[in-house]
Amino acid sequence: MRWRNLRSHKIDSRLTKGPNMRVADVMTRSVFIVNPDETIQEAAMAMAGIDAGILPVANDDRLVGMITDRDIAVRGVAEGKGPDTKVHDVMTKDIKYCFDDQDIEDVIHNMGDIQVRRLPVVSRDKRLVGILSLGDIASSASDGKAGAALGKI
């Protein structure tokens, strides 16, 4: 388990605040990452330590899954798996993500449509570069769009 200040990738000179904001403008770059070979107990302890219910699962900076407190409860504990169960045995492998250079408006609508509050952010070469939450969006934009996305969830 480790904190990672994920690499900043140069997107382009169009990154601005306002109507043409990109994901890279508002995402969180400091992300706690768990390795798929760590235990669900270690993942749960990390979640408790940072007061979060979800962690990206990565090998180096390659996103391979996401693990949530619900994954641990439903795919782990409810199925009789113990605390030494590996993260890869219970993580969500079907990852929803967005790109760092995407328009924030498009991503907000997508988050509402797919019913998620946060998305891992990857570069176009599929390297994990951050995480985007509705909180990130709400603190960067005062136009109520995060609330609109949350209303769909």
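What residue, of Ile67, Ile50, is of a type in the set (Val, Ile, Thr), open to solvent by 20 Å² or more (accessible area, probe 1.4 Å) and either at pLDDT 95 or above or within 15 Å of the chain's Cα centre (by Cα) (or both)? Talk me through it step by step, then tell me what you get.
Values: Ile67 fails: open to solvent by 20 Å² or more (accessible area, probe 1.4 Å).
Exactly one of Ile67, Ile50 is of a type in the set (Val, Ile, Thr), open to solvent by 20 Å² or more (accessible area, probe 1.4 Å) and either at pLDDT 95 or above or within 15 Å of the chain's Cα centre (by Cα) (or both), namely Ile50.
Given Val116, Val129, Val122, Val90, which one is over 12 Å from Gly65 (Cα atoms), touching a helix residue (DSSP H, G or I) at 6+ places or on another chain (Cβ under 9 Å) and open to solvent by less than 10 Å² (accessible area, probe 1.4 Å)?
Numbers: Val116 fails: open to solvent by less than 10 Å² (accessible area, probe 1.4 Å); Val122 fails: touching a helix residue (DSSP H, G or I) at 6+ places or on another chain (Cβ under 9 Å); Val90 fails: over 12 Å from Gly65 (Cα atoms).
The conditions single out Val129.
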Of residues in region 94-112 being out of contact with any helix residue (DSSP H, G or I) (no Cβ under 7 Å at 6 or more places or on another chain) and farther than 20 Å from Asn20 by Cβ, the one most open to solvent (accessible area, probe 1.4 Å): Asp94
Region 33-42 - residue that is open to solvent by less than 30 Å² (accessible area, probe 1.4 Å) and under 18 Å from Leu128 (Cα atoms) and, of those, farthest from the chain's Cα centre (by Cα): Pro36
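Among the candidates Met111, Met47, single out the residue that is under 21 Å from Val129 (Cα atoms), touching an Asp or Glu at 6+ places or on another chain (Cβ under 8 Å) and assigned to a helix (DSSP H, G or I).
Working: Met111 fails: touching an Asp or Glu at 6+ places or on another chain (Cβ under 8 Å).
Checking each option against the conditions leaves just Met47.
Please determine, by comparing only the residues of region 53-64 that are of a type in the set (A, V, I, L, M, F, W, C) and either assigned to a helix (DSSP H, G or I) or in contact with a Leu (Cβ under 6 Å, 6 or more places away or on another chain) (or both), which one is least open to solvent (accessible area, probe 1.4 Å). I'd like the intermediate steps shown before the answer.
First, pick out the residues of region 53-64 that are of a type in the set (A, V, I, L, M, F, W, C): 54-55, 57-58, 63-64.
Next, from what is left, pick out any that are either assigned to a helix (DSSP H, G or I) or in contact with a Leu (Cβ under 6 Å, 6 or more places away or on another chain) (or both): 58, 63.
Numbers: Ala58: 0, Leu63: 30 Å².
It comes out as Ala58.
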Residue ID - nearest to the chain's Cα centre (by Cα), chosen from residues in region 80-95 that are assigned to a loop (DSSP other than H, G, I, E, B) and farther than 14 Å from Leu119 by Cα: Met91
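Can you confirm whether Val77 is modelled with pLDDT of 90 or more, surrounded by 15 or more Cβ atoms within 10 Å (Cβ to Cβ) and either touching a Gly at 6+ places or on another chain (Cβ under 6 Å) or not in a strand (DSSP E or B) (or both)? Reasoning before the result, please.
On the way: modelled with pLDDT of 90 or more: yes; surrounded by 15 or more Cβ atoms within 10 Å (Cβ to Cβ): yes; either touching a Gly at 6+ places or on another chain (Cβ under 6 Å) or not in a strand (DSSP E or B) (or both): yes.
Judged against the criteria, Val77 is a match.
Just a yes or no: is a residue in region 10-20 modelled with pLDDT under 95 and surrounded by 15 or more Cβ atoms within 10 Å (Cβ to Cβ)? So that I can check it myself, show each step before the final result.
Initially, region 10-20 is screened for residues modelled with pLDDT under 95, giving 10-20.
The next check asks that each one be surrounded by 15 or more Cβ atoms within 10 Å (Cβ to Cβ); those that pass are 11, 15.
Yes, there is a match, as at least one residue in region 10-20 is modelled with pLDDT under 95 and surrounded by 15 or more Cβ atoms within 10 Å (Cβ to Cβ).
The values are calculated or read from the model by the stated rules, or taken from the named source; none is laboratory data. For clarity, every value in this text was computed on a predicted model and none was experimentally measured. When we count neighbours, we look across all protein chains shown, and the Cβ atoms used for this are built from the backbone with ideal geometry, even at glycine. For the accessible areas, the whole protein counts, side chains as well, though only heavy atoms, and no ligand, DNA or RNA atoms are used. Shrake-Rupley method; radii C 1.70, N 1.55, O 1.52, S 1.80 Å.
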